[in-house]
1. Could you run the Karplus curve 6.51 cos²θ - 1.76 cosθ + 1.60 with θ = phi - 60° over the stretch 83-96 and give me ³J(HN,Hα) per residue in whole Hz, x for Gly and Pro?
2. At 1.4 Å probe size, with the rest of the protein present, what percent of the exposed accessible area of the chain is carbon and sulfur atoms?
3. Only bridges whose two residues both fall in the chain count here: according to DSSP, what percent of them are antiparallel, nearest 5?
4. Only helical DSSP H runs with n ≥ 4 go in: add -39500 (n - 2.57) per run for the chain, normalise by residue count and round the 222 nm mean residue ellipticity to 500 deg cm²/dmol.
5. Hey, which of these cross-link pairs are over 20 Å Cα-Cα: 57/150; 37/114; 37/57; 13/125; 13/150; 79/114?
6. Which is farthest toward the positive dipole end of the stretch 1-123 among 32, 88, 20, measuring Cα position about the Cα centre, with Cβ charges +1 (Lys, Arg) and -1 (Asp, Glu)?
7. Rounded to the nearest Å, what's the spacing between the alpha carbon centres of the stretch 138-167 and the stretch 113-130? Just the number, please.
8. Given an 8 Å cut-off on Cα distances and at least 6 residues of separation, report the relative contact order of the stretch 17-168 as a percent.
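The values are calculated or read from the model by the stated rules, or taken from the named source; none is laboratory data. Keep in mind the model is a prediction, meaning the values are calculated, not measured. Don't worry about glycine lacking a Cβ; one is built from the backbone with ideal geometry, like all the others, and counts go over all protein chains shown. When the accessible area is computed, the model is the full protein with side chains, heavy atoms only, and any ligands, DNA or RNA have been set aside. Shrake-Rupley method; radii C 1.70, N 1.55, O 1.52, S 1.80 Å.
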Amino acid sequence: MENKSIFGAEVLKELEVEATATRKCLEVIPENLFDWKPHERSMSLGDLSLLVAEMPKWIQVMIEESEVDFGTYEHFRAKDTAELVKHFDENLEGAKNALQNVSDETFDEPFHLKNNGQIVLIASKKDQISDIVNHLVHHRGQLTVFMRLKDIPVPSIYGPSADDPGSF
């Protein structure tokens, strides 16, 4: 299907590039470490993994629903690694479908970020969606630090890693 939006096609391409490395990271997160935190003020490994897995869904929600309310947003709880990866795959598919079918006019519409009904931010969908992939990469990087601290092999992302030297 031909994309209806040049911007949507660009975001889709960037998301697809980052999806492979993101999935490789999520696939090796052991569920027995979901509750582990490197510091008391840090997110748990499970919560950080879930955040990374859910970020593609944000794209779909921004396009299709035009608002997110932190106070009422229901977070998925993965029981195990397979369920976490499946959740990422489903969210990625939803984001891809939304990006393939969105028009440029939709990107000009406002997006509302709320907290228990109170507006925290109003911005164009385009402005918010343009930051999502970078935000995903940031948290995936954070995830790889957590992985290293627990001696979970870090996969190749943009080139070989110390644990995955042959992948490039």
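1. Couplings: 5, 4, 5, 4, 4, 4, 4, 5, 5, 5, 4, x, 5, 4 Hz.
2. On the way: 4590 of 9270 Å².
Here it works out to 49 percent.
3. On the way: 6 of 9 bridges.
Roughly 65 percent of the DSSP beta bridges within the chain come out antiparallel.
4. Numbers: 5 runs with 93 residues, N = 168.
About -19000 deg cm²/dmol.
5. Values: 57/150 28 Å; 37/114 28 Å; 37/57 25 Å; 13/125 18 Å; 13/150 32 Å; 79/114 28 Å.
Pairs exceeding the cut-off: 57/150; 37/114; 37/57; 13/150; 79/114.
6. Result: 32.
7. Value for the Cα centre distance between the two parts: 32 Å.
8. Values: 193 pairs, mean separation 41.1, N = 152.
Value for the stretch 17-168: 27 percent.
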